[in-house]
Every structure is written in C-alpha cells, then in structure tokens.
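Okay, so here's the structure we're looking at.
The values are calculated or read from the model by the stated rules, or taken from the named source; none is laboratory data. Remember, it's a predicted structure, so these values are computed and weren't measured experimentally. Because the Cβ atoms are built from the backbone with ideal geometry, glycine has one as well, and the counts that use them run over all protein chains shown. The area values use the complete protein model at the heavy-atom level, side chains included, leaving out ligands, DNA and RNA. Shrake-Rupley method; radii C 1.70, N 1.55, O 1.52, S 1.80 Å.
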Amino acid sequence: MTRLELRDVRKSFGALEVLAGVSLDVGAGEFVSILGPSGAGKSTLFQLLTGALKGEGSMRFDGAPLDDHGARFAFMPQRDALMPWRRVIDNATLGLEVQGLSRRAARQRVAPLFAGFGLAGFERAWPAELSGGMRQRAALLRTVVQQRDMLLLDEPFGALDALTRAAMQRWLETMWQGNRWTALLITHDVREAVLLSDRIYVLSARPARVVSEVAVPLPRPRTESAALAREAAAIEAGILDTLLGQPIPISRSSDGELK
Amino acid sequence: MAVSFDPMRGGIIPASDRLSEEGVGPSAIGESRGDIQSPPQGGRSAVTSALAKAVPAVLAFALLLTAWELYARLGGIAPTMLPAPSRVLQQAWENRAALAENALPTIRATLAGFACSLLAAFILSALVDFLAPLRRALLPLLIASQTLPLVAIAPLVVLWFGFGLLPKILLVALVTFFPMMVALVEGYAATEKEIAQMLAAMGAGRWRIFRLARLPSALPYFFAGLRISITYAVVGAIFAEYAGAAKGLGIYMLSAKNNFRPDLVLAAVAVSSVLTLALFGLAVLVQQIAMPWENARSGKAGREARSDPSAQDRP
Ligand SMILES: Nc1ncnc2c1ncn2[C@@H]1O[C@H](COP(=O)(O)OP(=O)(O)O)[C@@H](O)[C@H]1O
Ligand SMILES: [Mg+2]
C-alpha cells in the first residue's frame, strides 16, 4: 500500500532551480532512501514535506493531499539538533511535549525505550556529555517516540566517523527489523543506502531529478554473510556508476541479477 | 549591528582552561565499542583550579599597590596630591560610617536601575523578535541613545526629574540597557536553524518555538551582555549622583574633592570598585546556576582528553 506519493515536485529559490520534478513513492512499512550528491536538494525536499517551504507538484499521503503539514512526519534534521540546555530525556520527550503531553507523562512514555537505544543510564546527562553515536541515537529516539506515520531521516549518520557510522547502520537495521517503521532516509553514502533500504531513489546533481530507482531485494540482516556482502557490493558499484555518469551495466529496476 | 558579543570569550575564566583539575573520567578499559560510555559522574574540584588561575592577577594587583605605596612615601609627594594606598585604607576605615551611609543609596539606585533595564531588555527584545518592523524602527534609536555623552545628559536628567531615585534609575538603565538588548536580539537570531525547523515540524507555533528554542539559545549571549552591562551600572549611578543628589557615593566623592581630600575620593572609588566586582561575580554565579550544561560541556572535553587511547598507550 502506497503511503507517500510525490509527483513532479519542483522547487526553485529565485533563479536557482533545486528540484526539477521529483516523483517517488513510499509504501507502508517500507524503508526507502534518497541518494544524491551534496547540494542536490535532498534537504529541501524534506522541508517541502514538513511544510517549512512551499513548492509545486503533487504531494499525497494515503491518497489525500499533504496540507495539514507536520502531523504525518517525525522529522530528524541533518544535524542532530539536540538542545544543549535540555537533558537527554527531556530532548527525547520534546515532540510529545509539543503534542500536549505533560513533561511527566512524556518522560514515563520515553524512559523504557532508553535501553533499546543504548542510552540506559544517560537519561539525566546533558547532550554535550554524549559521544557522536549516542547523540544520533538520542535524536532518533526523539524522532520515533512521536509515533507519526512516517520517519524522515536527513543524513542521520553523516557527521560520524566511519567506524561509528558502520556500528550505527547495523544498529538501525536491527531496530528497523523490530519496528518496521515507514521511513524515508536521505544519505549520500551508497553503502548505507544499500544496507538499509528496500528501494533507493538516486538523484542527479542540482537541479535534482530521479535518475534511477534501485530495488534492493536482499534478505535481512544484510551484514551477516559474505555472499550477501558480495551482492550488496555489486549493487553499490552499479549505483556509483550511475552517480558518476559512466556507462552502466545496471537496469533501472534491479532485481538482484547484477553483473 | 556594530556591537557583537562572543559568549565564548567573555567571562573571567575561559571554559577550556577550567578543566585541568577535574576528577578522573570513566576508564577506557572494558569498552567493547568506543561508542559506549559509562554514565557521567558529578563531583569536580573546579574551585581549586579557579583559585590557582587567580594567582597572577592577585600578584599583579599587589605589585601595583606596592609601587604606588613606595612612590607616594619615598617620592616626597604631599598626601593631598597623591595619598598612599595605606592612607586611603586607613581613612576609609575611619570614615566607614559615612562611606556605608553613602554607599547604600548608590546600591539602591544601581539595583533598581538595573532591574528596570533587565526587564525592559527582555520585553523589548521579545517584541522586536516577533515584529520585524518594530526592530527596524527601534534599533537605530537605541544605537543613537548610546551616542549621548553621559556628562551632558546626567545634569539634564536631574534637572527634569529632580534629586530623587528616578533620575538615577533612568541613567543606570540608559547605560546598561543597550548591551543586554543587543545581546538578546543577537542570541535569538543565533538559534540553530535545524532546531527551529524540527519544532515547526512537530507542530509548534511561533511562541512555542520562541520559548523552547530561541530564548534558551540566547542565554549565553544574554549573560555576555549582562557582564558588560553590570560593570557600567555602578558608574552610571555615581554619574547621576555627581550631577545632583542628597546622598550617595557620587556626591560623597564630589564633596571630598572640594575639601581637598583625595584620600577620601579614592576610598569612595575603592568602595564602588568592590561593588562592581561583587555584582560581576554575582552575574557569573547566576550564569553558572542558570546554565548547568555549560559545565557539562567542559567536563566532557576534559574526560575525552584524558581517555584518548593513543596518549595512554605510549610508554
Ligand atoms: N532557503 C534557501 N534559500 C536559498 N537557497 C537555498 C535554501 N535552502 C537551500 N538552498 C540551496 O539549495 C541547494 C540544495 O540544498 P539542500 O537541499 O540543503 O541540499 P542537500 O541536502 O542535497 O545537500 C543548495 O545549493 C542550497 O544552497
Ligand atoms: Mg542536506
């Protein structure tokens, strides 16, 4: 069942054309990635979805136009956007408080989730006391507890070192398997997209349009076997060729039969 | 805007210097993933390091006083020209009743003026944050208010408002309002864009975003402005009294000068300096209480530096 449906979404800032007609779908319980170079307009697309910006084209959710902005999505911005003046638990409850829950009730709802997010014992810590990976998990916790229909994750691991990022990607894969969130992930990391996604939309450089849609039909978890890693590597190579504009031996909707 | 404050540079002790004497952080041993830390622990001995930091300043001050003392005594200079610090201190003690009696109105005027200025800065800065046209109308006016020479303005304000408390409050407010106002307005603008966007996506309105994000974001800026303001406050009150008052340090200095008693002028100056320093210290204290996460930040940096494995593994 298709939940989010974008058709020919366009956005310009004055003379600067950023999105030149982006169409994409996200189904219920599906993990979809948007992969594109820096400055392509990926974050701009999220701002259109959350209603921070207005653009042209059709954006529908469950068949209805997206006008009551914000209510559908739990949005995790590009930087973790943790408030340094709030303790970790109060950062995690922020969305619930904005929804009208009392701080007490919000804390009670959030506290049991800390262990699963690897943050047990850090409820009363300040964000500045957390490592980079922990900050991202706290930001993700703040995002998922809002219990919206869909997660919008803007480069959640972009600022982490390679090792932490790999650990976080595995962790997110496990978390997603347990929860089956409907999620749209922005990334410029090809490996991350292949590891986490059911489908990947590859965007061109600005003005952005979808240059290729890649299905990733690999079983999960994808980090377990060497055979899976080889298949994943083949998909990665295909996407990289697309992005770098070389002749590509990869079909538009790959079904795993890759050279 | 010409005036700007860097909250990272203000303050007596730079945050990065405050860490050197902190307790031992969590050990790196037994961590399977570099990502996992043990929960933060409290209890540090920042006080001792702060005291150690103060030593050079105290030494420099003592040296200055000693040089002055020697020059005044051995240089054959009349005490009516340049009294030695020891004489100032002794006269201050002898006239302690009069000094205290005159310090009280000054303290009252300073605190009342500062409180008014603080309140006005918060209300006006919030208004200006919500109404952009008001901002464009008011800020040039406020900058213009800072070009008024206090020497000329003080007697006029006394002429208009009499010898009571009101003209003092107005003059203190005039000199302390601007740094706090500018700091707050800049602080609101320094709110992280992503935080505001995220709050909007959560469904928060403008007032909510102001309260949850813009106001706390402005706190470090506000305190930087406050520290600057507070050093002007006592001076502002003294200026107002100088222009006309029944009692106060300003009028005390004036009459001491007219009686050829520079030692008493300097004694009153010392009292006003102590007042300013006390207010400044109070501001720093309030900041540390109001912003406990700032201490956490420097604590983290200290722990990280210590548990850096590449540094530990060296023989
Ligand atoms: N509010 C804005 N006004 C003008 N230009 C903008 C604005 N937001 C983004 N841009 C421009 O749009 C382009 C795409 O930005 P962004 O969506 O953040 O890229 P990405 O997230 O893909 O790296 C960039 O060139 C950026 O400078
Ligand atoms: Mg971006």
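Of the residues in the range A:26-36, none is away from ligand 1 (no atom under 16 Å from the Cβ), modelled with pLDDT under 90 and open to solvent by less than 10 Å² (accessible area, probe 1.4 Å).
If the condition is being away from chain B (no Cβ under 12 Å) and open to solvent by less than 50 Å² (accessible area, probe 1.4 Å), then the range A:64-105 contributes A:Ala64, A:Leu66, A:Ile89, A:Ala92, A:Ala105.
Take A:Ala125 and decide whether it is part of a loop (DSSP other than H, G, I, E, B), in contact (Cβ under 8 Å) with a residue 12 or more places away in the chain and within 16 Å of ligand 2 (Cβ to nearest atom). So A:Ala125 does not fit the description; no.
If I filter the range A:66-76 for residues that are within 16 Å of ligand 1 (Cβ to nearest atom) and closer than 28 Å to A:Thr242 by Cβ, do I get at least one hit? Checked the range A:66-76: at least one residue is within 16 Å of ligand 1 (Cβ to nearest atom) and closer than 28 Å to A:Thr242 by Cβ. Among the residues of the range A:41-62, those identified as within 16 Å of ligand 2 (Cβ to nearest atom) and modelled with pLDDT of 90 or more are A:Gly41, A:Lys42, A:Ser43, A:Thr44, A:Leu45, A:Phe46, A:Gln47, A:Leu48, A:Leu49. Within the range B:107-150, the only residue that satisfies the criterion of being of a type in the set (D, E, K, R) and either closer than 23 Å to B:Glu241 by Cβ or outside any helix (DSSP H, G or I) (or both) is B:Arg108. Listed by first and then second residue, the pairs linking a residue in the range A:35-50 that is farther than 9 Å from A:Thr187 by Cα to a residue that is β-branched (Val, Ile, Thr) and within 8 Å of ligand 2 (Cβ to nearest atom), with Cβ atoms under 8 Å apart and 6 or more places separating them unless they lie on different chains, are A:Ser43/A:Ile186; A:Leu45/A:Ile186; A:Phe46/A:Ile186.
Of the residues making up the range A:122-136, those that are within 14 Å of the chain's Cα centre (by Cα) and within 9 Å of chain B (Cβ to nearest Cβ) number 0.
Keeping to the range B:53-84, report how many residues are part of a helix (DSSP H, G or I), closer than 21 Å to B:Val265 by Cα and not β-branched (Val, Ile, Thr). Lay out the reasoning, then the answer.
Residues of the range B:53-84 part of a helix (DSSP H, G or I): B:53-74.
Filter again for closer than 21 Å to B:Val265 by Cα, leaving B:61-62, B:64-73.
If we keep only those that are not β-branched (Val, Ile, Thr) too, we end up with B:61-62, B:64-65, B:67-73.
Residues flagged as part of a helix (DSSP H, G or I), closer than 21 Å to B:Val265 by Cα and not β-branched (Val, Ile, Thr) within the range B:53-84 amount to 11.
Here the range A:155-182 is the region considered, the condition is being within 16 Å of ligand 2 (Cβ to nearest atom) and among the aliphatic types (A, V, I, L, M), and the residue that is farthest from the other protein chains (Cβ to nearest Cβ) is A:Ala159. The residue of the range A:28-55 that is nearest to the other protein chains (Cβ to nearest Cβ), among those that are touching a Leu at 6+ places or on another chain (Cβ under 9 Å) and either among the β-branched types (Val, Ile, Thr) or over 30 Å from A:Pro217 (Cα atoms) (or both), is A:Thr50. Can you pull out the residues in the range B:198-218 that are in a helix (DSSP H, G or I) and either in contact with an Asp or Glu (Cβ under 6 Å, 6 or more places away or on another chain) or open to solvent by 40 Å² or more (accessible area, probe 1.4 Å) (or both)? B:Ala200, B:Arg206, B:Trp207, B:Arg208, B:Arg211, B:Arg214, B:Leu215, listed by residue number.
Can you confirm whether the range A:25-32 contains a residue that is away from ligand 2 (no atom under 16 Å from the Cβ) and free of Cβ contacts under 8 Å to residues at least 60 places away in the same chain? Yes: the range A:25-32 contains one or more residues that are away from ligand 2 (no atom under 16 Å from the Cβ) and free of Cβ contacts under 8 Å to residues at least 60 places away in the same chain. For the range A:199-221, state whether one or more residues are within 16 Å of ligand 2 (Cβ to nearest atom) and farther than 28 Å from A:Asp8 by Cα. No: the range A:199-221 contains no residue that is within 16 Å of ligand 2 (Cβ to nearest atom) and farther than 28 Å from A:Asp8 by Cα. Within the range B:246-284, work out how many residues are on the phi > 0 side of the Ramachandran plot and surrounded by 19 or more Cβ atoms within 10 Å (Cβ to Cβ). Going through the range B:246-284 one residue at a time, the tally reaches 1. The listed residues are A:Leu151, A:Leu160, A:Leu195, A:Leu203, and the only one of them that is more than 22 Å from B:Ile195 (Cα to Cα) and more than 16 Å from ligand 1 (Cβ to nearest atom) turns out to be A:Leu195.
Determine if the range B:172-192 includes at least one residue that is more than 30 Å from A:Phe73 (Cα to Cα), of a type in the set (Phe, Trp, Tyr) and assigned to a helix (DSSP H, G or I). Looking for residues that are more than 30 Å from A:Phe73 (Cα to Cα), of a type in the set (Phe, Trp, Tyr) and assigned to a helix (DSSP H, G or I), one finds at least one in the range B:172-192, hence yes.
In the range A:112-121, which residues are within 8 Å of chain B (Cβ to nearest Cβ) and modelled with pLDDT of 90 or more?
Within the range A:112-121, just A:Gly121 meets the criteria.
Being within 21 Å of A:Trp85 (Cβ to Cβ), in a helix (DSSP H, G or I) and modelled with pLDDT of 90 or more, is that true of even one residue in the range A:144-165? No, because not a single residue in the range A:144-165 is within 21 Å of A:Trp85 (Cβ to Cβ), in a helix (DSSP H, G or I) and modelled with pLDDT of 90 or more.
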